[in-house]
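A quick write-up on the structure given underneath.
The values are calculated or read from the model by the stated rules, or taken from the named source; none is laboratory data. Here the structure is a predicted model, which is why all the values come from computation and not from measurement. Note that each Cβ is placed from the backbone with ideal geometry, even for glycine, and that neighbours are counted across all protein chains shown. Please note that ligands, DNA and RNA were not included when accessible areas were found on the heavy atoms of the full protein model with its side chains. Shrake-Rupley method; radii C 1.70, N 1.55, O 1.52, S 1.80 Å.
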Amino acid sequence: MAYVIAEPCIGTKDTACVDDCSVDCIHPKKNTTYEDRRPGLEDVPQLYIDPVECIDCGACVPVCPVSAIFALDDLPEKWKHYAELNASYVEGGKFKPDQFAKHQAAK
């Protein structure tokens, strides 16, 4: 996984990063329904980066208004679980909003 969106995104969900992503790897997108039944933008607390699709370009980092995007190697220890959380959102729609509570408890 090249980049990870962490806790500062919670509640903000500014989509500037989505607009600047050249490979379309940040989800969920505005006004999008996913065929695999992943929750949409209104139903999640933050945005997520697909670890398979991310090409490690870093275009999303400078446009994030809350500095929530980190290279995996630079992810603060207290937010390491966000790497798993980002991946779980995009893995075949397996992510469930209640999983977020589990990650919050791990802080």
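Under 8 Å by Cβ, and 6 or more places apart or on different chains, what pairs join a residue from region 1-27 that is on the phi < 0 side of the Ramachandran plot with one that is open to solvent by 60 Å² or more (accessible area, probe 1.4 Å) and among the acidic types (Asp, Glu)?
Here the result reads 2/56; 3/56; 23/53; 25/53, each pair linking region 1-27 to a residue that is open to solvent by 60 Å² or more (accessible area, probe 1.4 Å) and among the acidic types (Asp, Glu).
If you check 17, 64, which single one turns out to be hydrophobic (A, V, I, L, M, F, W, C), surrounded by 11 or more Cβ atoms within 10 Å (Cβ to Cβ) and either assigned to a helix (DSSP H, G or I) or modelled with pLDDT under 90 (or both)? Break it down into steps so the answer makes sense when it comes.
Details: 64 fails: either assigned to a helix (DSSP H, G or I) or modelled with pLDDT under 90 (or both).
Being hydrophobic (A, V, I, L, M, F, W, C), surrounded by 11 or more Cβ atoms within 10 Å (Cβ to Cβ) and either assigned to a helix (DSSP H, G or I) or modelled with pLDDT under 90 (or both) holds for just one of 17, 64, which is 17.
Any idea which of (1) surrounded by 20 or more Cβ atoms within 10 Å (Cβ to Cβ); (2) closer than 15 Å to residue 91 by Cβ is the one residue 34 doesn't satisfy?
(1)
Condition (residue is modelled with pLDDT of 95 or more, outside any loop (DSSP other than H, G, I, E, B) and either under 17 Å from residue 2 (Cβ atoms) or among the charged types (D, E, K, R) (or both)) applied to region 28-47: is it met by at least one residue?
Within region 28-47, not a single residue is modelled with pLDDT of 95 or more, outside any loop (DSSP other than H, G, I, E, B) and either under 17 Å from residue 2 (Cβ atoms) or among the charged types (D, E, K, R) (or both).
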